[in-house]
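*Asks:* The structure is given below, and queries will be raised subsequently.
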Number of protein chains: 2
Amino acid sequence: MNYRFAVLLAASLVTLTAATGVTPAKPAAATLLPNGPEPAYTADGKLELPGNYREWTFLSSGLDMSYSEKADMQDHSMFDNIFVDPVSYREYLETGTWRNKTQLVMEMRGAAEKGSINQHGRFQTGDTMGIEVHVKDTGRFPGGWGFFAFRGADPAQQIPTSAGCYSCHQQHGAVDTTFVQFYPTLLKIAKEKKTASPNYRP
Amino acid sequence: MNYRFAVLLAASLVTLTAATGVTPAKPAAATLLPNGPEPAYTADGKLELPGNYREWTFLSSGLDMSYSEKADMQDHSMFDNIFVDPVSYREYLETGTWRNKTQLVMEMRGAAEKGSINQHGRFQTGDTMGIEVHVKDTGRFPGGWGFFAFRGADPAQQIPTSAGCYSCHQQHGAVDTTFVQFYPTLLKIAKEKKTASPNYRP
């Protein structure tokens, strides 16, 4: 539906340009629209990396987050940045939950302390350590969601559903197996819309 | 130009809907377009807070960053999230520098360690500690840029140009007095386009 709308919009832009003689400064409609594509798979079921996720809607970032009693990653420090496609984001604002075909992207990046004029704390570096995508596709994944771990731009195979990420998200996710409890602007919406899991109901 | 384009696009959508009978799922064109408004000022020169900056393009985040030898904020921990309006972002990708009317937003948020299943590291909380906006408006500000500190949704007065932020950004900003050195995906573009300040030239 969104893709169809984008195509229609692109077509209308062509018409617009023809009718008015105005050529938009940035002519490609696809680059002007927020990108909210459906997930794309290869013939053998791998997920394509959404190439423009850095222009999707930012939800939050964390530093060296760990769910274990014992801290992981003693020897290096990493940020994670979470993005969601803008169409799913806008629908979440209205409904408090995720539409089918939602894609949440977690980008992991190096964290540095000293650099330029920075003396303390941490900033993000140019080193991308990995990208994971959490996809809602109810016709494809038992449980509704699939996890994919990318180690570069190549399509990624689904992480087997026996992996811990599935059961952990199932048990602890505040909304529809996702960790909305760590997305500061979204949790209150789930509470208002009564879409949060029992642990997060007022 | 971009605003005019948005209006034209909105008008074309009305035509599109009338011509095809297709009503887009999210009908308001304004909510589908990336928001790249020009800065808006009150009659007495205060800057209006861009209300939708959380849907702008995310550049990076940092934790407890400090430029002093002695660490600030011993008693509390804070993330900063940096956003830029999407039109300026796209123009930066092409030119390696900031168009006139660029708005960069720094949102400061509480950082917590223990919460939900998180045991170590830091995640962002619902507490917004403040918002600062760095605006390029060459017809208005000597030096081209103005800083504004918001303490809520009310319009903010410009920080006087005698404040340290101006001279520090002037001396240390990698691109046009902005700290692109801390925006991991943008620094390499400035290097390629040769728009970086001398310290950041290869």
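Read the figures in this text as sums done on the coordinates, not as results from a lab. Because the structure is predicted, anything quoted here is derived from the model rather than measured. Glycine gets a Cβ as well: all are built from the backbone with ideal geometry, and neighbour counts include every protein chain shown.
*Asks:* Sequence-distant or interchain residues sharing an amide H contact under 5 Å with B:D127, placed H: which?
*Replies:* B:G110
*Asks:* Take the alpha-carbon centre of the range B:105-180, take the same for the range A:111-168, and report the distance between them in whole Å.
*Replies:* Value for the Cα centre distance between the two parts: 27 Å.
*Asks:* Separate question: Based only on the alpha carbon positions, what is the Kirkwood hydrodynamic radius of the range B:81-202, in angstrom?
*Replies:* Computed over the range B:81-202, the radius equals 15.9 Å.
*Asks:* Relative contact order, percent, of the range A:115-202 when contacts are C-alpha pairs under 8 Å separated by at least 6 residues?
*Replies:* 15 percent
*Asks:* Given that compact globular proteins tend to follow 2.2 N^0.38 Å, what is the ratio of the alpha-carbon Rg of the range B:62-144 to that value?
*Replies:* On the way: Rg = 16.5 Å, N = 83, 2.2 N^0.38 = 11.8 Å.
Relative to the 2.2 N^0.38 Å estimate, the range B:62-144 comes out at 1.40.
*Asks:* Can you give the FRET efficiency to the nearest 0.05 for A:S66 and B:N100, using r as the Cβ-Cβ distance and R₀ = 45 Å?
*Replies:* 0.55
*Asks:* Here's a follow-up. Note down the nm distance, to one decimal, between modelled labels 7 Å out along Cα→Cβ at B:R151 and at A:L93.
*Replies:* Once both label points are built, they end up 2.8 nm from each other.
*Asks:* By a straight-distance test (C-alpha under 15 Å), which aspartates and glutamates pair with A:K46 as possible cross-link partners, with residues fewer than eight away in the same chain excluded?
*Replies:* List returned: A:E38, A:E132, A:D137, A:D154.
*Asks:* Under 12 Å Cα-Cα from A:K114, which aspartates and glutamates qualify once same-chain neighbours fewer than 8 residues away are excluded?
*Replies:* Straight-distance partners of A:K114: B:E69.
*Asks:* Can you list which of the GluC sites (Glu not before Pro) found in the range B:35-121 are DSSP loop residues with at most 12 other C-beta atoms within 10 Å?
*Replies:* Answer by residue number: B:E69.
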